[in-house]
Amino acid sequence: VTVKGPKGQLVVPFNPRLKLNQETDTLTLERPSDAPRDRAQHGLTRSLINNAVQGVTQGYSRNLQIQGVGYRC
């Protein structure tokens with residue numbers, strides 16, 4: 001799966017046993033059975049694709065909260 005956005009392009013490999021259906025602006029991932037391994041691959045692939053989409057649209061940021069006295073940033 002290739003994901004393109006304003007912040008770049010990412011390629012996410014996935015298991016060929018899973019079926020990927022693309023509608024207008026929705027991706028649907030289907031697993032062949034309810035076997036534990038297929039369920040695990042389904043969840044992993046869904047999370048990786050979701051993270052790639054968020055990465056190319058919003059980017060990465062980390063918000064830090066500094067507590068205490070005498071710190072500078």
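Could you tell me whether any residue of segment 40-60 is without any contact (Cβ under 8 Å) to a residue 12 or more places away in the chain and charged (D, E, K, R)? Taking every residue of segment 40-60 in turn, none turns out to be without any contact (Cβ under 8 Å) to a residue 12 or more places away in the chain and charged (D, E, K, R). Annotation: of all residues in segment 18-73 being of a type in the set (A, V, I, L, M) and more than 19 Å from the chain's Cα centre (by Cα), the one that is least open to solvent (accessible area, probe 1.4 Å) is ALA35. Number of residues in segment 19-35 that are more than 16 Å from THR2 (Cα to Cα) and either among the aliphatic types (A, V, I, L, M) or modelled with pLDDT of 95 or more (or both) equals 1. Within the set of pairs 6 or more residues apart or between chains, which connect a residue that is farther than 16 Å from TYR60 by Cα inside segment 1-17 to a residue that is of a type in the set (Gly, Ala, Ser) with Cβ atoms less than 8 Å apart? Listed by first residue and then by second, the contacts come to VAL1/ALA52; VAL12/ALA52.
The values are calculated or read from the model by the stated rules, or taken from the named source; none is laboratory data. Quick caveat: nothing in here was measured; it's all calculated off a predicted structure. Cβ: placed from backbone, ideal geometry, glycine included. Neighbour counts: every protein chain shown. Remember, those area values only see protein heavy atoms, side chains included, never the ligands or the DNA or RNA. Shrake-Rupley method; radii C 1.70, N 1.55, O 1.52, S 1.80 Å.
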